[in-house]
Amino acid sequence: MRLRQIVLLLLLALAVAAFVVLDLGRFLSFEQLKASQASFAQLHAAQPLTVAVVYFLIYVLATALSFPGASIITLAGGAVFGLWQGLLIVSFASTVGATLAFLASRFVLRDWVEARFGQRLADINAGVNREGAFYLFTLRLIPVVPFFLINLLMGLTRMKVWTFYWVSQIGMLAGTAVFVNAGTQLAQLESVKGILSPALLGSFVLLGIFPLVARRIVAVVQKRKVYARWADQRPKTFDRNLIVIGGGAGGLVSAYIAATVKAKVTLIEAHKMGGDCLNYGCVPSKALIKSAKIAHQMRHASDYGLSDAAPSFSFKAVMQRVHNVIAAIEPHDSIERYTGLGVEVLQGYGKLVNPWTVEVALNDGSTGPDGRPKLVRLTARSIVIAAGARPFVPPLPGLDDVGYVTSDTLWDEFAKLNEVPKRLVVLGGGPIGCELAQSFARLGAHVTQVEMGARLMVREDEEVSELAKASLQADGVQVLTAHKALRCEIRPAPTTASPVPVTVNPVPVTASPVPDTANPFPVTASEAKQSMDRHASLAMTDEVTTTTNEAISTTDEVTATTNEVTTTTNEAISTMNEATATTNDATATTNDATATTNGAVATTFEKYLIVEHNGQEKAIPFDQLLCAVGRVARLQAYGLEDLGIPTHRTIETNEYLQTIYPNIYAAGDVAGPFQFTHTAAHQAWYAAVNALFGEWKLFKADYSVIPWATFIDPEVARVGLNEQEAKEKNIPYEVTKYGIDDLDRAIADSEAHGFVKVLTVPGKDKILGVTIVGAHAADLLAEYVLAMKHGLGLNKILGTIHTYPTMSEANKYAAGEWKRAHAPQKLLAWVKKYHDYKRGA
C-alpha cells in the first residue's frame with residue numbers, strides 16, 4: 001500500500017473515530033430533527049443561500065464517509081427546502097457524496113483486493129463491463145440495499161466514474177423523492193419507519209424488478225428485430241429439432257447428445273467423419289510419436305541394460321501403421337455408428353440459407369436434373385456450427401513454387417515416400433511443430449525448426465520452453481528461434497566444378513558461372529520449378545536426347561538452331577540420369593545429377609527457405625517443408641456472411657455459445673477460444689443442451705479448468721495458471737515444485753527427468769494451476785484437473801493413497817512439498833519440547 005493510500009485511510013479512520021467519540025450521531029436522530037425543525041426554518045428564511053450550501057456540504061461529507069443517518073438528512077432537506085428545491089439539492093449532494101465514497105474505496109482498497117482475489121475480481125469486472133450500469137441501476141432503485149455498501153463495492157470494480165455517477169443520479173431519484181416528500185410532512189410523521197411502510201417497500205421492490213422485466217422485454221424486441229428480415233421465411237413446422245454442421249469432435253458430441261435425449265437430429269459432414277483430430281491431428285501424430293519413440297529407445301537401449309542398436313525400418317511401413325491406427329479408430333466416429341445411435345448423417349456441404357434452413361450439396365454421388373450435386377434443404381429449430389479449423393499457411397513468397405506440407409496433408413504425402421525426408425524444415429515452434437520435429441528427427445531426418453519468436457512453446461513458462469528446446473536438440477533438431485521466414489527460393493546447388501564455356505551455333509553463347517548460394521538464382525522460382533519438372537520426365541540411356549522444339553543430340557560440339565536442331569553422334573556420351581539443352585540459353589540442367597557434354601556443367605537445383613536473424617539473411621536448404629504455424633477457423637462457404645453473423649478469427653458468440661441469432665450456436669475450433677478436441681467436446685454439451693432446452697434454461701460455457709498437453713518427450717501438460725500468466729494478471733501465488741528425478745518409478749524406468757510445479761493461493765492449499773513436465777505428464781495431470789474442478793486442495797491429494805511404485809506418486813510428493821513448506825514451526829517447537837520432556841531431557 002502506497003503512502004498516499006495510508007494517509008487517506010488514516011484520515012478516514014480519524015473522521016469515523018471523531019464521529020463516534022463526539023457522539024455526532026445524536027444530531028442525526030429523528031427526534032432531534034423534529035425538535036430542530038423550527039430553528040432550521042428560521043435560519044433558512046434569514047440566510048437561504050448559506051443554509052443551502054452548508055446543507056449540501058454536510059450531506060456530501062456524510063455520504064462520502066458512509067456515516068449513518070443519510071435518511072434523516074434527506075428528511076431535513078424536505079422539511080427545510082420543500083419538495084422541489086429539496087429534491088434538487090439532495091439528488092446532487094447524494095450523488096456527489098456517493099461518487100466520493102466510490103473513489104475512496106477504489107483508491108484505498110482496490111489494489112489490495114485485486115492482489116488477493118485477482119481472478120475472481122477479473123470475472124466480476126468482465127460482467128461489469130458488459131452490464132454493470134444495468135445492475136447498478138437496479139440496485140439503486142431498491143432502497144433495501146444499503147447505498148453506502150453499493151458505493152464501496154462498486155469502487156472495487158473497473159466501472160468508469162462517469163458511468164457510476166449518472167446511473168446513481170438517475171437510479172436514486174425515485175427513493176430520494178419519497179424521502180424528501182416525507183420531509184415536507186415531518187410534523188405528521190412519528191418515526192422514519194412510517195415512511196417505509198410495507199406497501200411502499202413493495203412498490204420499491206416492484207420498481208427494482210421492473211428493469212429486469214424491461215430487460216426481458218428488450219431481449220424479446222431485439223430477437224424480433226434480428227429475425228425481422230427473415231420473418232416471411234420462418235417455417236411453420238420444422239423437419240428436425242437440430243442440425244449440426246461438421247463431423248469433428250464438436251459436431252459428433254452435439255449430435256450424440258441430441259440423439260440421446262430423443263431429438264430428431266441431422267449431422268452434415270463434407271469430408272471425413274471424426275474431423276481433424278482423427279484424420280490429421282491427434283491420432284496420426286500420436287501414432288507417429290510412438291514409432292519414433294521406439295526407434296529412439298533402440299538407439300539408447302543401453303539405458304535399460306541392453307545393447308544400442310540402429311533401428312532398421314521401412315518409412316512406408318511406419319506411415320502405413322499411422323493409417324492403420326486411423327482405420328482402427330474410425331468405427332468409433334463412423335456414419336454407421338451414429339446412424340445406429342439415431343443420428344441422420346448426410347455427406348455433403350452445408351450452407352445456411354436463413355436462420356432455420358440449411359442447404360446441403362450432397363457429395364455421395366447423387367445428382368440433380370442439371371447434373372450437378374443434388375441439393376436438399378432441411379429446416380430445424382436450432383443449428384450448431386462445428387466446422388473446425390484448418391492449418392494456417394503463411395503468405396511467404398515462393399512457397400507454392402517449392403511446395404510444402406501441413407499437419408493435414410503430410411500423412412498422405414509422406415506415405416508416398418520410400419524414405420524419411422533427408423532434410424526437413426519445420427516452420428513453427430508451437431506444440432504441433434515441436435511434436436513433429438522431434439518425431440521425424442528420431443526417425444532419421446535432419447530437422448531444422450524455425451520459430452519467429454524468442455522461444456519455443458511461448459505459452460508455457462520459460463523453464464519449460466528451455467527444457468523442450470534442450471530435448472529437441474538432444475534428438476538432433478536444429479532449433480532456430482528468433483528467426484523470421486522471409487521467402488522460399490529455388491537455386492542451383494553448390495558445386496566445386498569450374499564453369500565451362502558452351503558454344504551454341506549459330507549464335508555463340510557462353511554459359512554463365514554458377515551463382516553462389518548467397519545470391520538469388522537469375523530465374524524465377526516458378527521457371528526453375530517448371531524446368532525441374534520437365535527434366536524429371538526425361539530418361540537417358542545410351543544416347544542423350546533432349547527436346548525443345550525437336551530432338552537435340554550432342555556430339556563433339558553443341559549445335560542449336562531456333563526451329564530444328566540435328567546433331568550426329570561421333571562417340572557415345574553417357575549421362576547420369578537426366579539432361580536437357582535449350583535453344584534459348586544453352587544451359588544443361590538436372591534435378592539431382594550433373595550431366596556433362598564435352599566438359600559443360602549441368603546445374604542441380606535445390607530448395608531454400610530464406611530467414612532473417614539479427615538483421616542477417618540465411619538460406620536453409622531442404623527437401624521437405626512443413627508449415628506448422630497454427631490453425632485458423634473455417635468460416636467461409638457456410639453462409640455466415642449472408643446472414644450477417646459476425647466473425648473475427650472465430651464465430652462471435654456470447655457466453656451461451658449463441659450467435660446474433662439465438663437459435664444458431666457455434667462449438668469447437670470455429671468458436672474458440674481454445675483449439676483442443678476435449679474443449680470442442682466440452683463446448684458441444686453446452687451448445688446442444690442450450691439449443692434444445694434454452695427456452696427453459698441457458699447454461700454458460702465454463703472454461704475455468706481447461707487442461708492441455710504437448711506430446712514431446714518429455715511430455716508437457718498444464719491446467720490453470722502458470723507463472724507467466726499469474727504475473728500478467730497480477731495474481732499472487734506461491735510455487736511448490738517437486739523434481740521427478742527423485743521419483744522411484746521414474747528412476748526404475750530411466751525416465752528420471754522433469755518436474756511437477758503447482759501454483760497455490762498464498763498461505764492456502766487452493767490450486768491455481770499445475771504444470772507437469774515428464775513421462776506420462778498428460779495422464780498425471782488428470783488428478784489435478786479433478787481437484788481444481790471440485791475445489792479440492794493439496795491436503796486432499798496428500799491424504800489420498802497412491803499406488804507404489806507409480807508415476808502418480810509425483811502428485812502426492814508435490815503436495816507433500818507444499819505441506820512441508822507450511823509446517824507450523826512454532827507448534828513443532830513446542831512438540832519437540834514435549835518429546836524432550838517425555839525422554840526426561
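The values are calculated or read from the model by the stated rules, or taken from the named source; none is laboratory data. Given the structure is predicted, the values throughout are model-derived calculations rather than measurements. All Cβ positions, even for glycine, are placed from backbone atoms using ideal geometry, and neighbour counts span all protein chains on display. Quick note on the areas: whole protein, heavy atoms, side chains included, nothing else; ligands and nucleic acids left out. Shrake-Rupley method; radii C 1.70, N 1.55, O 1.52, S 1.80 Å.
Each residue, HIS753 and PHE392, gets one label point 7 Å from its Cα in the Cβ direction; the gap between the two is 3.1 nm. Compared with the alpha-carbon gap, the fully stretched path from ALA317 to ASP779 is longer by 163.5 nm at 0.36 nm per residue. Taking a point 7 Å from the Cα of ALA415 along the Cα-to-Cβ direction, the residues of the stretch 290-315 with backbone N closer than 17 Å to it are 291, 314-315.
By accessible area, using a 1.4 Å probe on protein heavy atoms only, the stretch 226-319 has 56% of its surface on carbon and sulfur. One decimal place: the segment HIS678-THR647 gains 8.9 nm when fully extended, by the rule 0.36 nm per residue minus the C-alpha distance.
Fully extending the segment from TYR165 to ARG839 would add 235.6 nm, taking 0.36 nm per residue of separation and subtracting the current Cα-Cα distance.
Rolling a 1.4 Å probe over the protein heavy atoms leaves LYS607 with an accessible area of roughly 50 Å². If you plug the beta carbon distance of ALA637 and ASP364 into 1/(1 + (r/R0)^6) with R0 = 22 Å, you get a FRET efficiency near 0.75. Normalising the average separation of contacting C-alpha pairs (under 8 angstrom, six or more residues apart) by the number of residues puts the relative contact order of the stretch 719-771 at 41 percent. Counting only Cβ charges, +1 for Lys and Arg and -1 for Asp and Glu, the dipole size of the stretch 617-724 around its Cα centre is about 140 debye. Cross-link pairs exceeding 30 Å in C-alpha to C-alpha distance, out of LYS236/LYS262; LYS272/LYS484; LYS272/LYS416; LYS700/LYS819; LYS796/LYS838, comprise LYS272/LYS484; LYS700/LYS819; LYS796/LYS838. With a Förster radius of 60 Å applied to the beta-carbon distance between LEU698 and THR806, the computed FRET efficiency rounds to 0.90. About its Cα centre, the dipole of the stretch 374-498 is roughly 580 debye, where the only charges are +1 on Lys and Arg Cβ and -1 on Asp and Glu Cβ. The residues ARG234, ARG649, sorted by heavy-atom accessible surface at 1.4 Å with ligands and nucleic acids left out, run ARG649, ARG234 from largest to smallest.
Solvent-accessible area per residue in the stretch 677-779 equals 42 Å², computed with a 1.4 angstrom probe and all protein chains kept. In the complete set of protein chains, residue-level accessible area for ARG337 is approximately 100 Å², probe 1.4 angstrom. Measuring nothing but how far apart in sequence close Cα pairs (under 8 Å, 6+ apart) lie, relative to its length, the stretch 225-361 scores a relative contact order of 29 percent.
Simple spin-label estimate for LYS225 and ALA474 gives 6.1 nm between the two label positions (7 Å along the Cα-to-Cβ direction from each Cα).
Our summary gives the stretch 324-480 a relative contact order of 12 percent, counting only alpha carbon pairs under 8 angstrom and 6 or more residues apart. Summarised as an ellipsoid, the stretch 708-841 has semi-axes of 29, 20, 12 Å, derived from the eigenvalues of the Cα gyration tensor scaled by 5 and square-rooted, with the largest first. Note on ARG299 and ALA493: the model spin-label points, each 7 Å out from Cα along the C-beta direction, lie 2.3 nm apart. Computed with every protein chain present, the accessible area of MET452 is close to 130 Å² [probe 1.4 Å]. Within the shell of other residues whose beta carbon sits under 10 angstrom from the beta carbon of LEU456, the net charge comes to -1, with Lys and Arg scored +1 and Asp and Glu -1.
Using R₀ = 35 Å, calculate the FRET efficiency as 1/(1 + (r/R₀)^6) where r is the Cβ-Cβ separation of VAL54 and ILE124; round to 0.05. Efficiency for this residue pair is about 0.35.
Per-atom-type breakdown for the stretch 343-422 gives carbon and sulfur 51% of the accessible area (1.4 Å probe, protein chains only). Whole Å is fine, so just give me how far the alpha carbon centre of the stretch 800-841 lies from that of the stretch 726-766. Measuring centre to centre over Cα atoms gives 18 Å.
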